[in-house]
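To keep things clear, I will list the structure first and then write my remarks on it.
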Amino acid sequence: MEHHENQTAPAPATLVAASRSPVFTYGVAVLMTGLTLLARLGLSPWIGDGRPLLIIFFVPILLSAYLGGLGPGLVATALAALGADYYLIPVIHSFSFERPVDFVQWVLLVVCGALASALRVSLNNPFFRIGVRCTELLAGSRKIC
């Protein structure tokens with residue numbers, strides 16, 4: 001009879017490390033942004049083509065920044081901005097804007113996507129973590145008093 005050693009599942013830290021690899025995080029950024037664009041194009045019959053509904057792109061931007069940090073967040077932001085401009089914002093299939101309000105909304109998408117990505121990086125900053133911990137301790141000490 002053959003004796004098999006107990007095989008254990010990979011440690012959670014190993015799975016987290018694999019899910020944080022650049023290939024994975026950038027792939028998620030590209031895939032999620034592309035799927036969001038396809039979903040938004042599929043919604044066109046219900047919401048019309050006149051409104052780009054750019055807020056929907058914050059889902060892949062925020063998740064990409066959360067998973068991978070600044071780089072994947074900025075990739076998702078760039079892909080969302082280019083896809084929205086070309087496929088959703090009038091003049092369709094062009095990188096131009098018909099109305100100034102569309103340009104303002106597009107710029108806000110880019111700026112807010114970049115800020116969200118940069119803020120995610122600040123969460124890894126040790127000074128930020130110390131500040132959060134001090135705030136938690138102060139809040140906890142007030143509860144005790």
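Side notes on the structure shown:
- Among the numbered conditions (1) among the aliphatic types (A, V, I, L, M); (2) crowded, with 17+ Cβ neighbours inside 10 Å; (3) within 20 Å of Gly42 (Cα to Cα); (4) in contact with a Phe, Trp or Tyr (Cβ under 9 Å, 6 or more places away or on another chain), the only one that Leu82 does not meet is (2).
- Taking every residue in region 82-109 that is free of Cβ contacts under 8 Å to residues at least 40 places away in the same chain and assigned to a helix (DSSP H, G or I) and pairing it with any residue that is loosely packed, with under 12 Cβ neighbours inside 10 Å and aliphatic (A, V, I, L, M), at least 6 positions away or on another chain, the pairs with Cβ-Cβ distances below 8 Å are Tyr86/Ile92.
- Residue match in region 2-17 (condition: at pLDDT 85 or above and not acidic (Asp, Glu)): no
- Filtered residues of region 45-65 (kept if of a type outside the set (Gly, Ala, Ser) and surrounded by fewer than 16 Cβ atoms within 10 Å (Cβ to Cβ)): Pro45, Trp46, Ile47, Asp49, Arg51, Leu53, Ile55
- Per the listing Leu67, Leu119, Leu138, the residue uniquely in a helix (DSSP H, G or I), at pLDDT 90 or above and out of contact with any strand residue (DSSP E or B) (no Cβ under 7 Å at 6 or more places or on another chain) is Leu67.
The values are calculated or read from the model by the stated rules, or taken from the named source; none is laboratory data. Keep in mind it's a predicted model, so treat the numbers as computed, not measured. Every residue, glycine as well, gets a Cβ built from its backbone with ideal geometry; the counts of neighbours run over all protein chains shown.
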